[in-house]
Amino acid sequence: MNSPAELAPDIRPSKAWLWFDKCHIGLLFLLPIAMLTSMAATEIVSWLFFVFTLTVLVKQGLKTGFAAQFRTMRSGLEIPLWGFILVTVIGLFVMVDDKALALDVAGSYRWIFLLYAYTYFFQKTMNPEWRKYLHFFAILMLAMGVFAVLQYFTGIEPPRSRSISFPRYGRWSATGFFNLPLTFAGVFGLFSFMMLGFSFHRPQDSEANYWWAPRLGAFIGWLGVIASLTRGAWLAMVAAIFTCFSAVAVRLGLLAMTVLVAIGGVGYFSSSVIQQRFDSIFSTKKRSNHMRLVIWKANIEMIKDYPILGVGAEQNNKYLLEYYPKVGEYEMTFKGHAHNNFLQVWATQGPIALLFFLWFSGGFVWLSWKLYRRAQRETFYWSLGLGLLASQVYFHISGLTECNFIDGEVNHVLVLYWGLLLAACHQLGVLGQPSVKSSTVS
C-alpha cells in the first residue's frame, strides 16, 4: 500500500513524518471497524482521517501547486453536488427561524468534504495489492454477523443505559451495535455487496488461500440483513444480488433469482417470523404500512404548500402533526422523516435540490458501471466497480421505504464508497487521462 509519505516524495521523510504516515494508514484500517460499530467512532476516525489527508494535500500543494492537487479530486459531478449543498443551505436559512438549528443541520452536509478527502487519498494510494486485506474485512464481518444472528435468537444487546431491543413475533430484529435495525441493515448490507463484487475476482497464486474471504463476507452480510427483519432491505438485497449477477452474465442473474426464490420459499414455510414479516410487506392493514402511507401523503401536501425551497432540510418531522388531519388522519402522533429519500429531499429541500440529488446519485451509479466496463474482467478494479454498482442499487432500493441518505452511519459508508469510485475512475481514465500504468491494473 502506498503511504502518505509516498504521496509527497519530495518531502523529507523525517521521523515525525514517518509517524504521521503510520497514523494516517492506521486511521484507514480503523474506518471499517468504526463504521460497523459506532457513529461516534465513525465521526472521530473519519474526521481525523480528513485532517491527516488535508495536511498531506497542503504539503504537496506547496511543493507542486494546488491546482494539480485539486484536479485529482474532480468528480465531473461538481454542479449537482455543490448545487445540492447550496440549495439546501439557502433553504435552511430562509425557511427555518431558529438560525442556530439551521446552522446545525447545515453542518450535517459536511460529508462533501470527506468525499473529496477520500477521493484524493485513494487516488494517490489505491492499488490492486489492497485485495490482500479482504480476509481482514471478512473476519470483521463474520464477528458482526455472528453477533447479529445471536441478537435475532436471544435479543442480546451491547452494554447500554437502556434497552432498545426490537422484539418481533418471538424473535428480535438485529441492530448490531446501532440503535435501529434499519441502520444496521443499511451499513451491513453495503459492506456485504462490496464483498460480493470481489467474490468474482480472480485471485493471484499468492492469494489462493483467501478465495473464501469475499464470499464469506457477502454471505454473512446477507444473514445480518435477514436477521434485521427489515423488509425494505430484503427487497433491496434481492434487487442488488440480481443486478450484480446479471452484470457478470444474464444467465447468472436468472440462476441467482431461481436460487433466491428457492431459499426464500424454504425460509417462508419453515419460519413463522419470516412468513409474517414477508406477508406484512403488502398488507394495507399492517400498522407500519398504514403509517408510512399517511406520512407520504402528508409530505406530498407539504410539497404543494412549499413548492420552491421545501420546509427546510430535515424539518418535515415538525410539520407532520399539522398535516395529518389534511390527509384524513386524526390519531397519529408519530414524528419523523418521509421514509423515502426522494420524497424527503423534495418536501424539505425543494424540486431543484431533488433534481441535483437525482443527477449526482445517477451519476455515481453510471460511473460504477463505466468503471466495471472499463476494467479488465475479474481484476481488482473490475470487482471494485461491480461491488460499488451493487452497493448503490442496494442503497437506492432501500431508500424507497427509508431515508437512509440522512442516516449518518449509512451516509458515511456511502460517501466512502463514492470516494473509492472517483479514485478508481481517475486511475483508470474514466474521468480523463489514467493516473496508473496499464501494467499495474490487475
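The values are calculated or read from the model by the stated rules, or taken from the named source; none is laboratory data. Since this is a predicted model, take the numbers as computed values, not measurements. Glycine gets a Cβ as well: all are built from the backbone with ideal geometry, and neighbour counts include every protein chain shown.
Could you please let me know if Gly310 is surrounded by 17 or more Cβ atoms within 10 Å (Cβ to Cβ), part of a helix (DSSP H, G or I) and in contact with a helix residue (DSSP H, G or I) (Cβ under 7 Å, 6 or more places away or on another chain)?
Numbers: surrounded by 17 or more Cβ atoms within 10 Å (Cβ to Cβ): yes; part of a helix (DSSP H, G or I): no; in contact with a helix residue (DSSP H, G or I) (Cβ under 7 Å, 6 or more places away or on another chain): yes.
So Gly310 does not fit the description; no.
With the requirement that a residue be of a type outside the set (A, V, I, L, M), closer than 20 Å to Gln123 by Cβ and under 16 Å from the mean Cα position of the chain (by Cα), what does region 367-401 give you? Ser368, Gly385, Gly387, Ser391, Gln392 - these are the residues of region 367-401 that are of a type outside the set (A, V, I, L, M), closer than 20 Å to Gln123 by Cβ and under 16 Å from the mean Cα position of the chain (by Cα).
Selection of region 110-132 for residues being more than 23 Å from the chain's Cα centre (by Cα) and part of a loop (DSSP other than H, G, I, E, B) yields an empty set. Would you be able to say whether some residue in region 98-121 is among the β-branched types (Val, Ile, Thr), under 18 Å from Met194 (Cα atoms) and surrounded by fewer than 16 Cβ atoms within 10 Å (Cβ to Cβ)? No, region 98-121 has no match at all. Of all residues in region 6-21, those being modelled with pLDDT of 60 or more and farther than 16 Å from Phe122 by Cα number 8.
Applying the condition of being charged (D, E, K, R) and part of a helix (DSSP H, G or I) to region 313-346 and asking which residue is nearest to Val105 (Cα to Cα) yields Lys318. Being surrounded by 15 or more Cβ atoms within 10 Å (Cβ to Cβ), of a type outside the set (Gly, Ala, Ser) and modelled with pLDDT of 95 or more is the requirement here; does Phe166 meet it? Spelling it out, it is not the case that Phe166 is surrounded by 15 or more Cβ atoms within 10 Å (Cβ to Cβ), of a type outside the set (Gly, Ala, Ser) and modelled with pLDDT of 95 or more. Among the residues of region 227-253, those that are surrounded by fewer than 21 Cβ atoms within 10 Å (Cβ to Cβ), in a helix (DSSP H, G or I) and aliphatic (A, V, I, L, M) comprise Leu235, Val238, Ala239, Val248, Val250, Leu252. Picking from Ala390, Ala375, which residue would you name as being among the small types (Gly, Ala, Ser), in contact with a Phe, Trp or Tyr (Cβ under 8 Å, 6 or more places away or on another chain) and closer than 23 Å to Phe188 by Cα? The unique qualifying residue is Ala390.
If you check Leu358, Leu343, Leu354 for being closer than 23 Å to Glu301 by Cβ, surrounded by fewer than 21 Cβ atoms within 10 Å (Cβ to Cβ) and either modelled with pLDDT of 95 or more or touching a Leu at 6+ places or on another chain (Cβ under 7 Å) (or both), only one passes: Leu358.
Taking (1) surrounded by fewer than 21 Cβ atoms within 10 Å (Cβ to Cβ); (2) over 30 Å from Trp222 (Cα atoms); (3) modelled with pLDDT of 90 or more; (4) β-branched (Val, Ile, Thr) in turn, Thr64 satisfies each apart from (3). Each residue in region 341-362 was checked for being in contact with a Gly (Cβ under 7 Å, 6 or more places away or on another chain) and within 28 Å of Ser246 (Cβ to Cβ), and 1 of them qualify. The residue that is farthest from Gln349 (Cα to Cα), among those in region 298-333 that are modelled with pLDDT under 95 and among the basic types (Lys, Arg), is Lys326. Just one residue in the set Ser192, Ser173, Ser199 is touching a Lys or Arg at 6+ places or on another chain (Cβ under 9 Å) and either surrounded by 23 or more Cβ atoms within 10 Å (Cβ to Cβ) or at pLDDT below 95 (or both); that residue is Ser199. Per this entry, Ser75 is not counted among residues that are modelled with pLDDT of 90 or more and either surrounded by fewer than 20 Cβ atoms within 10 Å (Cβ to Cβ) or not charged (D, E, K, R) (or both). Filtered by the rule that a residue be of a type outside the set (S, T, N, Q) and outside any helix (DSSP H, G or I), region 63-109 gives Gly65, Met73, Arg74, Gly76, Leu77, Val96, Asp97, Asp98, Tyr109.
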